[in-house]
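Here's the structure, in structure tokens; my notes come after.
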Amino acid sequence: MLDVKNLSVNYDAITAVVDLSLTVGDGECVALLGPNGAGKTSTLKAISNLVAHDGTVEFAGTPVGRTAADRLARTGLVHVPEGRRLFAELTVHENLQVGCTARGKRTPTYSVDDIYQLFPQLQALRGTRCWSLSGGEQQMVAIGRALVAAPRLLMLDEPSLGLSPRNVGVVAEALTRIKTTTSVLLVEQNTRVALEVADRLYVMAEGRVRMQGTSQEIEDRSGLLDAYLGQRVAAS
Ligand SMILES: Nc1ncnc2c1ncn2[C@@H]1O[C@H](COP(=O)(O)OP(=O)(O)OP(=O)(O)O)[C@@H](O)[C@H]1O
């Protein structure tokens, strides 16, 4: 579904990503895990052509080249950026309807009603303007808006960031359901969520992939993972 080769991202003198290669197979959920500044967000932005980069990106067998992010979304490469970027003055329902416009001619897997089933707490908020939602509710709308756009690959940047423990659980459970229908590339700092949801992980530090493997393989090497992340994963 996604084949990234030798990706590098530089911001003037700052090197954010160095010679990174990764794949996401059809129906796979892959996580990029790593500490602050590891280059995870820059990797997603480069895949979506939101930042200049070297290297190649193929999506569904076709080189992405310099295709703009909004056009990529119409081909099914849908990116939910950190910070969600909802239309603050539009209601929950209107934001979800906007997502449908990015669908193109692809058959939708999720309707707007399916999103209310995936996140039942949004049902009562359908007429609420998004600026007044909690961070967790906004994240649910952002994921819902991306899902109604019929992604073939859903790229999510830190969906659990800043959420209450309860909402982290809600989002993790939703991701477990979403990955049964849609390929996912997930950026996470929450190691538990990444290990729980992803089939396979890449662990990044200082712009490079330092470890990769299935969630089981990564969990089995938790000592090494702790060293890269600077935290005790086994105990978290
Ligand atoms: N627009 C930018 N201009 C300059 N430097 C940047 C820019 N965006 C990111 N960087 C730098 O590039 C490096 C990688 O940042 P990036 O946001 O990709 O990491 P990350 O792993 O996503 O971190 P976090 O989890 O904190 O978001 C960092 O050193 C960061 O300061």
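The values are calculated or read from the model by the stated rules, or taken from the named source; none is laboratory data. Being a predicted model, the structure only gives us computed values, none of them experimental. Every residue, glycine as well, gets a Cβ built from its backbone with ideal geometry; the counts of neighbours run over all protein chains shown.
Summary of values
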| quantity | calculated |
| --- | --- |
| Search result, residues across the range 194-236 that are more than 14 Å from the ligand (Cβ to nearest atom), part of a loop (DSSP other than H, G, I, E, B) and at pLDDT 90 or above | Ala198, Asp199 |
| Hits in the range 138-147 (condition: farther than 14 Å from Phe87 by Cβ and in contact (Cβ under 8 Å) with a residue 40 or more places away in the chain) | Gln139, Ile143, Leu147 |
| Unique match (being of a type in the set (Val, Ile, Thr), modelled with pLDDT under 95, out of contact with any strand residue (DSSP E or B) (no Cβ under 6 Å at 6 or more places or on another chain) and surrounded by fewer than 15 Cβ atoms within 10 Å (Cβ to Cβ)) among Thr101, Thr75 | Thr101 |
| Residues of the range 101-137 classified as free of Cβ contacts under 8 Å to residues at least 40 places away in the same chain and not in a helix (DSSP H, G or I), total | 6 |
| Tally of residues being assigned to a helix (DSSP H, G or I) and either crowded, with 16+ Cβ neighbours inside 10 Å or under 12 Å from the mean Cα position of the chain (by Cα) (or both) across the range 155-173 | 5 |
| Residue within the range 131-141 that is among the hydroxyl-bearing types (Ser, Thr, Tyr), at negative phi and within 14 Å of the chain's Cα centre (by Cα) present | no |
| Count of residues meeting criterion [assigned to a helix (DSSP H, G or I) and away from the ligand (no atom under 16 Å from the Cβ)] in the range 174-191 | 5 |
| Qualifying residue in the range 63-84 (condition: within 16 Å of the ligand (Cβ to nearest atom) and more than 21 Å from Val193 (Cβ to Cβ)) | yes |
| Selection count, the range 11-31, where residues are farther than 15 Å from Val187 by Cα and touching a His at 6+ places or on another chain (Cβ under 8 Å) | 0 |
| Some residue of the range 69-76 being closer than 27 Å to Val148 by Cβ and free of Cβ contacts under 8 Å to residues at least 12 places away in the same chain | yes |
